Amino acid sequence: QVQLVESGGGLVQAGDSLRLSCVGSGSTFSNYNMAWFRQALGKEREFVGGISWTGLDKSYRDSVTGRFTISRDNAKSTVNLQMNSLKPEDTAVYFCAARSDAYSADPRSYPYWGQGTQVTVSS
């Protein structure tokens, strides 16, 4: 199984950028399809975007398309989430997740999760 650790969160102003990273260990990282989720206070966890193990297949939720970019480096066992033009509604705890099957928007289908990193966007 893979262990995941996120980093890169913080407090920024609307319009700023942040880059989140998720490092995997304990298993071959390229065996996993990856996704980023987020959970705002009092709300359900929601899919932000996913990336296939090759890095060639990606998808995003509509509200972040054009602003967020997912990438991965299997040699470094890392998946990144570049977030540009941040908005107050992007405020949430961001989690990376891994699964062996093709990535999915359903958080219940992911067996492996990081601890999360807080992103706060002030207006």
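The values are calculated or read from the model by the stated rules, or taken from the named source; none is laboratory data. Since the structure is predicted, the reported quantities are computational estimates derived from the model, not experimental observations. In this analysis, Cβ positions are derived from the backbone assuming ideal geometry, glycine residues included, and neighbour counts consider all displayed protein chains. In case anyone asks, the SASA skips ligands and DNA or RNA and just uses the protein heavy atoms, side chains included. Shrake-Rupley method; radii C 1.70, N 1.55, O 1.52, S 1.80 Å.
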For the chain, convex hull of alpha carbons as volume per residue, Å³:
89 Å³
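Relative contact order for the stretch 54-119: what percent, with Cα pairs under 8 Å and sequence separation of 6 or more? Display every interim value, and only then the final one.
Working: 60 pairs, mean separation 16.3, N = 66.
Averaging sequence separation for qualifying contacts and normalising by length gives 25 percent for the stretch 54-119.
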When the accessible area of the stretch 17-58 is computed with all protein chains present and a 1.4 Å probe, what percentage of it is carbon and sulfur?
48 percent
Förster radius 22 Å - calculated FRET efficiency between A75 and Q115 (Cβ-Cβ, nearest 0.05)
0.40
Among bridges DSSP assigns within the chain, what percent are antiparallel (round to 5)?
90 percent
Straight-line reach from K76: which lysines fall under 23 Å, measuring Cα to Cα and dropping same-chain residues less than 8 apart?
K58
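Quick one: Cα convex hull volume of the stretch 51-121, Å³ per residue? Before the final figure, lay out the partial values.
Working: hull volume 7.4 nm³, N = 71.
Cα-based convex hull of the stretch 51-121, divided per residue, equals 105 Å³.
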